[in-house]
Every structure is written in structure tokens, then in C-alpha cells.
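Single-structure report; data block below.
Read the figures in this text as sums done on the coordinates, not as results from a lab. Predicted model only: the values in this text are computed from it and were never measured. FYI the Cβ positions are ideal-geometry reconstructions off the backbone, even for glycines, and counts take in every protein chain you see.
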Amino acid sequence: MDLEANNQRLVISSDLEENPMAIKMTLKKDKTCGGRFRWNLIINVVIVVMASFPFYLPLAATLGVNCFYASLWILFLFLAANTQSKIHLTMKKVSNKSEQPPNPTPIKFILMTFIYKEPLELLLKTLQNIQQQRIAKEIIMVVCMEEKTPEKDAKINSVFKQFNDCFDQIIITVHPYGTPGEIPGKCSNNNYAIRSVLAHLKKNDPNLDPNKYFVTNFDVDTIFHKDFLDIQIMNILKEKDRNNFVWQPVLFYNWGLDKLSFFTRITGLARNILMMGALIPLNLNIMSVYTSSLQLQIEGGFCHPTYQMDDIMCYVRWLTLSRRSLKIKPIYCPTISGPTSGSNMWQEFIEWFRQNKRWSIGFAEVFHYFVIKAPRINFCSALTWACNYLNYYASFICVQSLLLITTTIRLFVMETDPLLKLYFCIPLIVVYICLFFMIVINKIAVKYLLKDIVVENIPIWKDFIHWILSLIVMVGYGLTVFYGFWEIFFCGKGVCTHDPSKKKLLDNIVQRKDETVVAINEQQNKL
């Protein structure tokens, strides 16, 4: 093990033989058809059967299915608006100091961010943002690098040089390349990092109590509100058995969305609304930024290093291996996450397609993992989660888009009754109205919740065009997801690799009005 340390900084870099605590996973070969015959085939069957409804079911039944999806949009939008109002109330209480966390803090935070090909400037800005937290001096800050990270040594030196005295400890883990039983990606990096940090903490404190430590994982393209950890502390301390929960802040993707294309913006707004209205309320999965107790991670086997979607994988793994009734709790604090980006609209579209396809492959492989591990937990809980998961990712996200196409073919090619066509316009109009309010809700968030973090200037005519194109974007997103599900079907687990999104062009965060650090874009610095 290569260690470079003083009282506040530590570099951990090892191989499997030198640090057996760091990696305790082995790869189990899929013996069935090279990994093609997997439980994610259920998703493909559901999609094909439901998307073909117009060709073998009565049109009344098809109309009912379309109305069902429209009603889901209404439900998710209502829940999202309710969540956003709670964010507003929470931020108001914090600003008025009517609610404050205890001092000193009875729990300890480990913050972990991950970097591979991301530029050094983005990492430094992210750490500067963490430095704003009131309890920054109490944080164990972990930067998780890969052995093949470009300019690794220069990045390590820059981090230590600028942040040596900013945190309780700053630890950099370097995940070794080519470890047996792993695939390269964030899951294996996460697994290595948290195990290594735990080994380090136990070495310094043999009586370490993991129940007092809480781990916040976040991508390097994340900007936290200055009161994020205070709000999170108050939420955690409200729970008696804190190992039964995973905390998820509400993510907004308004990172320069006024400069990006319509498909990137609409996708970002939809992800925000569906997180507030579906993922958290339905207890489906965590995404990008999440917090759990160190004890839960130990019970849940940390993160599986042979998968690529670390957030969904961690939740499913902890749910099944810990055998706890694991619930997702929202943190009512606005958090900025970076959307996909590109140097021009075509490159942005390529990145948008690539990431959407990667997510769908991740959804499929996680479902397979869940079915394998489901017998460990209560049957009713497993069935409920699986049905909700299929209804959301296979049905709502994918089938809804395909059904719009197949229904249109049935109506305009095989039917001549104009009144029947009019009936089918009703759910379509409802969805369009919901997409309109999706844009409105986000604009309210930008004005009242994100005003200290981002500045967004989008004229009304541009909002109108984006709204008109929003349905096309959602259909395109569904088709991309459909493509991903079939790619894993034909190619097997070989396509389940982590291809990280590009971060070099995420330079549109605007400086806070109180002069704290979040600015990157030169034009907006003038504001």
C-alpha cells in the first residue's frame, strides 16, 4: 500500500494483494448464454406486449391505457409540485433560523466524489463549493480517482495544495486498474474507495462506531446549497433507526440550460420532475447524490464492482443484502447536477443519446440483479418494488412513447372514424398540459429556490418552442431507452460498461450573489 499522509491528508493506492480489505468481491460468471438470458428479458417482453396493444386489443382498451399514462403524468406532476413547495418551506425556515442543527454535530460526514477524465478545474470548483458548508472543518473529504486518471499526480498535488486545511481530513483513493472480479467504472471505484476509507478509520480507531458516520456520494458535477449539510443533519437526526433510510436531495439540472439545446433542457426538466414526483415517492431508486449510514453500507456489502450504475445498484444491493425495510427520504434542499453537454448541437445530441442508452442498460442489469437477490427479502415488498420499477422504467418511460407511435399507425392507417381519433386526442392534450406545467414549475424553482446558485435567462418565445418540442423529446428519449434494452438483449452483459459523461463543457454555473464560489463561465461572471 502506497501511503502519503499527515494529520489531514492521505493518499491510498493499492492492489488486491496488498489491501484485501479494499476489495472483497469475486466475479461470478454468467453460465447462461454468455449473459444474454437474464431476467431483464421480462422488460423486453413487457415493452413488446404493451406497445402492440393497438393491433390486437379493442381501441377502447388502448384508449384506456393512453389515459392511464396521462393520469400518471398528472400524479407525478402533483407530487413534484408538493415536493417543491416543501423545499421552499424548508429553505425559508433555514434562512429565518427557525430550525438549526445541534452544535456540536453528533454525527460525522464522509463526502465522496469521483473523478476520471473530468477536468481539474471542475474538481477544484466542486471542492470550493463543499468548503462553504458550515461544518466543512468536520468533514472527511474523499476524492476517488482511477489509476488511469489523466494527469493523476498533478490533480492530487493541486487538491492537497488548495484544500489541505479546509477539512478534517482529505483522502484521495486511487482505484487500481485490472482488479480481478471487477469492471472499470464508478461502481468498482466506489466499492474500493469506501472499503479503503473504512480500513483507514478502523486503523486509527479500533473502537470505531459505523452508526455515527454517514457517507454522501456525489458526482463531481454537483453544486450544493451552502446549507445542504445542515438540512441533511436535521433530517437524519429525526429518524430513530437511521440505518433504514437512504437520503436523496432533490436534483435540479439547471446548469447552463439556457445555453443548451431543447432536447437537453427538456430531458433535464423531466428528470427533475420525475425524481420529485416518482423516484422518491415510489421508493424506486436513488440518483447521483445520496447519503447513507456507514453501517448500512457495511451490512449491504458496499457497492457491487461488476455493475455500472452505482446509485441504483447501491440501493438495490443494500435493500436485499441488509434485509432492511429501506426507504428513500428526500432532502428538501435544492442541489444542482450537470446535464449532458457537447461542443455543438450535434455533439450534444450524441452525448444525450449515449448517456440515455447507458442508463437504460443500467436499468436492465439492475433489474436482473434484483430478481436474483429478491428471495432474501419479504415477498410482498419485493413484488411491489419490482412492479413499480417495471411500471416506471419499462412502461411509463418506454412503452408510452412506443404506444403513441403504434396508436397513431392504427388510427390513421386502419381507422376512418374522425370521432374516434378525437377521443385519442384527450390523453395527448393532457400530457402536453403536464409538460407545460413541468416548464412552469422549473421556472418557479429557478426564480425562488436556485436564485443564489444559478442565473437563467430564457425568453418566453424560447420556452414556447421548447414546450412544443417537448413531446418529441420524450418520445425520442423513450425510443433511446428501447434501443438500450434490446442492445443488452443481443449483446449480453458485455455492453454493461461505464462510459462516463463528458464534463468539460459544464462551465455555466453563475456566481452566487454573496460572492461565494460557484462561478465558472466568463460571460456570466459579469452578472
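Key figures
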quantity: Dmax and Rg, reported as Rg then Dmax, of the chain (C-alpha, Å); calculated: 23.1, 79
quantity: Exposure proxy order (Cβ contacts within 10 Å, fewest to most) of V289, V366; calculated: V289, V366
quantity: Whole-angstrom Cα spans of region 149-248 along principal axes, big to small; calculated: 42, 33, 27
quantity: Point-to-point label distance, W461-K447, nm (Cα→Cβ direction, 7 Å offset); calculated: 2.1
quantity: Charge dipole (debye, nearest 20) of the chain; +1 at Cβ of Lys and Arg, -1 at Cβ of Asp and Glu; calculated: 920
quantity: Segment R134-W486, length gained on full extension (0.36 nm per residue, minus Cα span); calculated: 122.0 nm
quantity: Overall form of region 339-434 per C-alpha gyration tensor (a/c, 1.5; a/b vs b/c); calculated: oblate
quantity: Cα-based Rg and Dmax for region 296-396, where Dmax is the largest Cα-Cα distance (Å); calculated: 16.0, 49
quantity: Estimated Rh, region 389-437: Kirkwood, alpha-carbon pairs, angstrom; calculated: 12.0
quantity: Residue exposure sequence - I488, I171 - by fewest surrounding Cβ within 10 Å; calculated: I171, I488
quantity: FRET efficiency, L41 to Q162 (Cβ-Cβ, R0 56 Å, nearest 0.05); calculated: 0.70
quantity: Cα-derived Rg to Rh of region 98-180, Kirkwood definition; calculated: 1.04
quantity: For the chain, share of DSSP beta bridges that run antiparallel, in % to the nearest 5; calculated: 25
quantity: The chain, helix-only ellipticity at 222 nm - DSSP H runs n ≥ 4, -39,500 (n - 2.57), divided by all residues, nearest 500; calculated: -16500 deg cm²/dmol
quantity: Spin-label pair D258/S52, simplified geometry with 7 Å Cα→Cβ offset, distance in nm; calculated: 4.9
quantity: Extent along principal axes [Cα atoms of region 84-138; Å; largest to smallest]; calculated: 42, 29, 14
quantity: Nearest 10 degrees, 0 to 90: helix 418-448 Cα axis against the chain principal axis; calculated: 20
quantity: Neighbour-count ranking [beta-carbon atoms within 10 angstrom, fewest first] of F464, F424; calculated: F464, F424
quantity: On Cα atoms only, tilt of 120-130 relative to the major axis of the chain in degrees; calculated: 80
quantity: The chain: angle of helix 262-274 to the longest principal axis, Cα-based, in degrees nearest 10; calculated: 80
quantity: For the chain: relative contact order, % (alpha-carbon pairs under 8 angstrom, 6 or more apart); calculated: 23
